[in-house]
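Have a look at the structure below, then the notes.
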Amino acid sequence: MRRYLLFVSQLYAYSILRPIAAAIAARGGEAAWFFEHERDARYLRPGETRLRSVAEVRACGPRAVFVPGNWVPDFFPGLKVEVFHGFSVGKRSESRGHFRVRGSFDLYCTHGPDTTAPFAALAREHGYFRVVETGWPKLDPLFAGAHPQGAHPRPVVLFASTFTESITAARTLHATIARLGASGEWDWLVTLHPKMAPDIVAAYRALEGPHLRFVETDDILALYAQADVLLSDTSSVVPEFLVQLKPVVTLRNRKPGPQLIDVQRPDDVEGALRTALTRPAALMSAIRAYADHVHPNRDGHASERVLDATEAAIAAGRTGLTRRPLNLWRRVQARQRLGYWSFG
């Protein structure tokens, strides 16, 4: 039986890794979970296998380790596969953010041309890893129809915001959403990042009523499917929603483009939402072009392509690649984070 490891260092990893686990099981393989933080293990479901120590991981001997984060222990067995925590949304410079390589991975499974081209260039520059465009496993259930939209008597607006204080719209838009949510013209779904400031969370929770529902969930895809339009800021949810070919209104997005209706003032949000709900032809054409650039494979089979790319990389070994950087400091950091000091 082929065994694989799912490495979790943040809670968002569940939604990215579970479709891969399902694809592994469908092929007769076995997936096991390992958690950097004990707190995240409580969200495991019945039947999901957990490895509790580095010794158990090494004894398991996984063929590959799938990682949505930016680090992975070098002392874990198996091919190290980066599957990404999200799309590039311009929160940080490219050298510090999405396109920063750290010498940890053998294979990068990219979403679409937007990420494939830069990582392919980095692969040519550094020489020690491979890049394959697979699509993003997190979106497989959405594209496979696992979250039907359902019937709603009114348009549904989803508000989702990043937690970063310098770019979040949550504080700025509270009064606007309170007014629009109370009007009853539209139904609202509100969800906030798990790291959002507690006072903001409490303020939005207090808005709940007949036409506004505050949702805490580890599966935001179900909300995407229900909503007709997204209201957000410079959050990673923006491209995730756009690839459904649905409109998005943003407040002061740091990387605006024709695929968005971006406004600078809260007073302009209502009008922008009304425009978005009419789905203007020029806007929808721009959204499709954007979606084709960031995630063209919208068939719900990204996880299968990740497994295919992984097995191809295992079969190829290090042929055609240079040695990974030694990165002694990062290796020490990994051991510190997991409290593992055996060198056997």
Output for segment 71-114, where each listed residue is over 18 Å from Arg323 (Cα atoms), modelled with pLDDT under 95 and polar (S, T, N, Q): Ser88, Ser93, Ser95
Can you name the residue in segment 244-273 that is among the small types (Gly, Ala, Ser) and surrounded by fewer than 14 Cβ atoms within 10 Å (Cβ to Cβ) and, of all such residues, is farthest from Phe159 (Cα to Cα)? Gly257
Within segment 46-70, track down each residue that is over 17 Å from Val83 (Cα atoms) and within 20 Å of the chain's Cα centre (by Cα). none
Here is a list: Ala206, Ala227, Ala276. Which entry is surrounded by fewer than 21 Cβ atoms within 10 Å (Cβ to Cβ) and of a type in the set (Gly, Ala, Ser)? Ala206
Of Ala13, Ala117, Ala31, Ala121, which residue is under 20 Å from Ala313 (Cα atoms) and crowded, with 17+ Cβ neighbours inside 10 Å? Ala31
Would you mind stating whether His293 is closer than 29 Å to Ser166 by Cα, out of contact with any Cys (no Cβ under 7 Å at 6 or more places or on another chain), modelled with pLDDT of 95 or more and surrounded by fewer than 20 Cβ atoms within 10 Å (Cβ to Cβ)? yes
Filtering segment 56-70 down to residues that are of a type outside the set (Lys, Arg) and either under 19 Å from Pro19 (Cβ atoms) or modelled with pLDDT under 95 (or both) yields Pro62, Ala64, Val65, Phe66, Val67, Pro68, Gly69, Asn70
Pair list, Cβ under 6 Å, 6 or more apart: segment 6-33 residue under 21 Å from Leu338 (Cα atoms), other residue outside any loop (DSSP other than H, G, I, E, B) and β-branched (Val, Ile, Thr): Phe7/Val65; Phe7/Val67; Ala31/Ile24; Ala32/Thr49
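If the requirement is being farther than 30 Å from Ile167 by Cα, in contact with an Asp or Glu (Cβ under 7 Å, 6 or more places away or on another chain) and of a type in the set (A, V, I, L, M, F, W, C), which of these qualifies: Phe34, Phe105?
Among Phe34, Phe105, only Phe105 is farther than 30 Å from Ile167 by Cα, in contact with an Asp or Glu (Cβ under 7 Å, 6 or more places away or on another chain) and of a type in the set (A, V, I, L, M, F, W, C).
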Of all residues in segment 304-322 being touching a Lys or Arg at 6+ places or on another chain (Cβ under 9 Å) and surrounded by 15 or more Cβ atoms within 10 Å (Cβ to Cβ), the one that is farthest from Gly127 (Cα to Cα): Glu304
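The values are calculated or read from the model by the stated rules, or taken from the named source; none is laboratory data. On a predicted model such as this, the values are computed, not experimentally measured, just so you know. Cβ: placed from backbone, ideal geometry, glycine included. Neighbour counts: every protein chain shown.
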